[in-house]
Amino acid sequence: MLKRLVFVLFLLFPALSFTDNLVPIPSPVQAVRTKTPIQVDGVLSEDVWKSDGFIGFRQSDPEDGAPASEKTIVWVAFDNGNMYVAARLYDSNPAGIISLLGRRDAEVESDWFVFAVDPYYDKRSGFQFAINPAGAIQDGTLFNDEGVDMTWDGIWEYATRIDNQGWAVELRIPFHQLRFRKKDSYTWGVNFFRTIKRKNERSVYSWIPKEESGYVSRFADLNGISDIHPRRLVEVLPYTVARAEYSPAIPENPFRTGSEYAGNIGLDLKSALQTHLTLNVSVNPDFGQVEVDPAVINISDQETYYVEKRPFFVEGADIFRFGNGGANVRRNLGWSDPSFFYSRRIGRSPQGYIPIPGYVDYPDWATILGAAKITGKMGDGWNLGVMTALTQREYAWIDNGVDRLSYEVEPFSSYGVVRALKEIKGGFQGLGFIATGTWRDLEQEALQSRLPRSAFSFGLDGWTFLDRDRTWVITGWAGGTTVSGSPEAISRLQLSSLHYYQRPDVDYVDFDPEATTLNGWAGRIFVNKQKGSFVFNAALGAVSPGFHAVDLGYHTRGDVVNGHVEVGYQSYHPGKVFRNWKVTAATLRSYDFGGIRTNENYILSGTAQLLNYWRGNLYLSYDPNRTSHYLTRGGPLAAYPWGATIRPSITSDNRRRVVLGLFGHYRDHPFGAYNYSFGASIRWKPSTNLSISIEPEYSWRHSVGQYISQEADPLKVETYGVRYILSNVIQETASMEIRLNWIFTPRLSLQAYLQPFLGTGNFFNYKELRAALTFDFDSFGSGTSTISLDGGIYTVDPDGPGSSPPFSFRDPDFNLKSLRGTVVLRWEYRPGSTIYAVWTQNRADYSHPGNFDFNRDLSLMLRAPGDNIFLIKVNYRFTL
């Protein structure tokens, strides 16, 4: 695979390395010191705005490189403590200006003005501020030249005004909100963007042709700022929260009385350690205003991944990204990139179990006592991120009718991560590292046998461009993990789905019940063509069987060597039918460390936007017969049959009041197995401050090889003395995500999220794998074998009058009917200070397992008893 990859790259490199680089250099922007105070009101009446300003915007859409259809003038001014930006956005049809309200950082289909600045002048990073005519705002940080992270929320003032000439913008950005090196005078990078939504036009001051790459590196120079004296402020944000939880009372259960009340206080602090480093501290944080996770049904052997939503961990998360630098496109075909840092491990659900009978009050999560992080830049081109957090020891309470006992279910834990990245020669090369550590104070014997005492990881990453025009880049990373604990805890890891050391037919791993450490490594190298119409990328990666990063990271598989090659062509300019389009073809293969092919795929995909701004996508793939480690979940290798997939989708013009999307999926296997899904997304904007989105989806899946359990039987020599029990399963799911955004003002909003979810699994035709390296089965109840169901337990005699012992397993049928929702009223009553009123509901019903009836299940879901949580949270920002 590697030889083929290098050969293809060798052939393509001479032809595709060099492109015409005749991009016009934008005129520098001159900032002017204001001699009089500036009132941020959108009027542009101050003398500093009466100079000529800066013009010359060019389109990037719809006609790349053409002059903007409407005139835009921008100015930049400053005083000792602030930067000011003004823009006059002329419009020949002011009535056509699209002005929609949206919550902060929300994607709103309206006109926009964007100001982007690179105060560190490293041509790799910066800040971005956006505002629309209604006063809705977005702000974020820029990284890796082309990356944008909208999780950062700065404190800045803004105003807009619509008049008969168009609209105007005024911004005041305190210097202490930016990060830069202290100097007498400064040259920064700057750019301005404008969106005219009714025309789908996007114009920019520093224009970048679509065939080119780069973003921050293409900014114009901003000159003139000098002799400034930004204050080094300490921002303090104490909070208080009151919480009331109501749930159906259970008379016999002393922990379910029907109501529970609680209160809490905490503190967030932010301080500029220097003009380019920021300290964030959170003491006893509360995240009750965060949207609930969606309901899912997972019958695989892989952990469900949930997106981080907690503000402390979300803001500035780009600094902790690892292995993603350099390339502007990353493709993971048949590959899941391990994450060395997955912040949702901090404050996770407790991992202990209760061995004592009785009623149990089990904590929902591990309480975070405190967390701190330092982010920013140091020295010459070093990006730095350091985070540490402590979670308290958690106990479950058990009432057995006589005594009330506490039982430890989560130890006191400490987490730490350090990330540093050095960008060299203006980002031409990069070199960085990440180090993580998890420490647990395991006092309870049961937890000692379940959890590692400590876990550490270390990784190096970097990139280098291969030509001076930065058309080709090679990027990569490599890292290792080591986990320590009791022999029982390390044995659990070896036997888990991440490792499967117990596999009887591999000779490169051995299960060691006495081991007290587990070590592993992983790495990947990736080649990408950054720009131009021809598409090329290729990668080769490996994860060793012992790699284990899930104590503070996330990954799904070990024992894999994977490679892919993708080629294609993309057109950026309108033609007779399409406004733009892209077609790619790819192939991938995966092997285990014994050289067994475990995956192979051939993929053809395309996307195109019509002249009317509708977009369509089509994905086709075929994967030949291969071998599977995971069908038997720690047992011998099994054959896995071919499959073919088609996945179409289409979306309408997002300028319209109603935006429609349709998608579908169909996958076919032999032996009668197949699955399909279809759904829609409907977004309705009935007014300028209200939007409603509905995303229904239905899926149906028939699998003929669903794992159930395994039973030791020395007589079953064809599968190494173990019977691997499988079944057919029909899994049906109907779900819908409903969101409402009602924006009263840019600072006062109501958001609602609701997810009704119906999911069933009907398991049948229980059977066992006939022999290793096959996809052949022997069904129970045929021949001499018998199977019976009594009280939810299946009992199987695999050979009737033979010598093999009978065994039992639980009926796996299920039927989950869930309704989850969150309503959040948010009022930023002063800059940085907010009041939240939150209602969260969660209800579920599990009756009629294995039988899907939409009308009945929907009715049961709506009538199911539920938990209702009401929360009021108030914080207040002040500075020292």
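The values are calculated or read from the model by the stated rules, or taken from the named source; none is laboratory data. What you see is a predicted model; the values in this text were computed from it and never measured. Glycine also receives a Cβ, built like all others from the backbone with ideal geometry; neighbour counts cover every protein chain displayed. The protein model used for the area step is the full one, side chains on, heavy atoms only, and it has no ligands, DNA or RNA in it. Shrake-Rupley method; radii C 1.70, N 1.55, O 1.52, S 1.80 Å.
When the residues ASP403, ASP461 are ordered by accessible surface, computed with a 1.4 Å probe over the protein chains alone, the sequence from largest down reads ASP403, ASP461. For the range 613-668, taking Cα atoms only, Rg and Dmax work out to 18.2, 56 Å respectively.
For the residues PHE412, PHE320, a 1.4 Å probe over the protein chains yields an accessible-area ranking, largest first, of PHE412, PHE320. Our Cα-only numbers for the chain put the radius of gyration and Dmax at 29.5, 101 Å. In whole Hz, with x marking every Gly and Pro, tabulate ³J(HN,Hα) for the range 632-640 from phi via Karplus 6.51 cos²θ - 1.76 cosθ + 1.60, θ = phi - 60°. The phi angles translate into 9, 6, x, x, x, 4, 10, 6, 9 Hz.
Of HIS229, HIS548, the order by accessible heavy-atom surface (1.4 Å probe, DNA, RNA and ligands excluded), from most exposed downward, is HIS229, HIS548.
Taking 22 Å as the limit for the C-alpha separation, the pairs LYS582/LYS685; LYS123/LYS183; LYS373/LYS422 exceed it in the case of LYS582/LYS685. I want the local charge near VAL386. Using Cβ-Cβ distances under 10 Å, sum +1 for each Lys or Arg and -1 for each Asp or Glu among the other residues. In short, +2.
Computed across the range 603-718, the Kirkwood radius stands at 17.8 Å (inverse of mean 1/r, all Cα pairs).
Per-residue surface analysis assigns THR187 an accessible area of about 60 Å², computed on protein heavy atoms at 1.4 Å probe radius.
Measuring only protein heavy atoms, the 1.4 Å probe finds ILE646 accessible over about 70 Å². At 4 °C and a viscosity of 1.567 mPa s, what translational diffusion coefficient does Stokes-Einstein give for the range 513-604, taking Rh as the Kirkwood radius over Cα pairs? Give it in µm²/s as a whole number. Roughly 81 µm²/s, to the nearest whole number. Treating each Cα of the range 769-880 as an identical point scatterer and ignoring solvent, apply the Debye formula and state log10 I(q)/I(0) at q = 0.12, 0.13, 0.16, 0.19 Å⁻¹. So the normalised log intensities work out to -0.71, -0.76, -0.90, -1.01.
For the range 289-343, the square roots of the Cα gyration tensor eigenvalues, ordered a ≥ b ≥ c, give a/c of at least 1.5 with a/b no greater than b/c, which places it in the oblate category. Within the range 737-782, the percentage of alpha carbon pairs spaced more than 16 angstrom apart rounds to 69%.
The range 679-700 and the range 160-217 have Cα centres lying 32 Å from one another. Taking only the alpha-carbon positions of the range 386-455 and ignoring solvent, what does the Debye formula give for the base-10 log of I(q)/I(0) at q = 0.14, 0.25 Å⁻¹? Debye intensities relative to I(0), on a log10 scale: -0.61, -1.06.
Taking all protein chains together and rolling a 1.4 Å probe, TRP397 ends up with roughly 110 Å² accessible. As a size descriptor, the averaged projected area of the C-alpha convex hull of the range 169-293 was calculated at 14.7 nm². Per residue, the chain reaches -1500 deg cm²/dmol at 222 nm when only DSSP H runs of four or more residues are counted, each adding -39500 (n - 2.57). Ignoring solvent entirely, what values of log10 I(q)/I(0) come out of the Debye formula for the range 102-164 at 0.23 Å⁻¹ when each Cα is a single scatterer? Debye curve over Cα of the range 102-164, log10 I(q)/I(0) at q = 0.23 Å⁻¹: -0.97.
All other residues whose Cβ lies under 13 angstrom from that of TRP614 are scored, Lys and Arg at +1 and Asp and Glu at -1, for a net of +3. Near PHE777, the amide H atoms lying under 5 Å from its own belong to ARG770; only residues 5 or more places off or on other chains count, and H is placed 1.01 Å from N.
Residues whose amide H falls under 5 Å from that of ASP293, counting only those 5 or more places apart or on a different chain, are absent, with hydrogens built in the peptide plane. Across the range 573-584, coupling constants 3J(HN,Hα) worked out from phi with the 6.51/-1.76/1.60 Karplus curve, θ = phi - 60°, read 10, x, x, 6, 10, 10, 7, 7, 7, 8, 10, 9 Hz, and Gly and Pro carry x. Sparse packing (at most 12 other Cβ atoms within 10 Å of the Cβ) combined with a DSSP loop state is found for the following GluC sites (Glu not before Pro) in the range 351-457: GLU443.
Computed from backbone phi with θ = phi - 60° and the Karplus coefficients 6.51, -1.76 and 1.60, the 3J(HN,Hα) list for the range 760-772 is 10, x, 10, 9, 7, 6, 5, 7, 10, 5, 5, 7, 4 Hz; x is used for glycine and proline.
Expressed as a whole percent, the accessible surface of the range 448-574 that belongs to carbon and sulfur atoms is 58, based on a 1.4 Å probe. Sort out for me the Cα centre separation of the range 707-761 from the range 494-567, rounded to whole Å. Spelled out, the Cα-based centre of one part sits 25 Å from the other.
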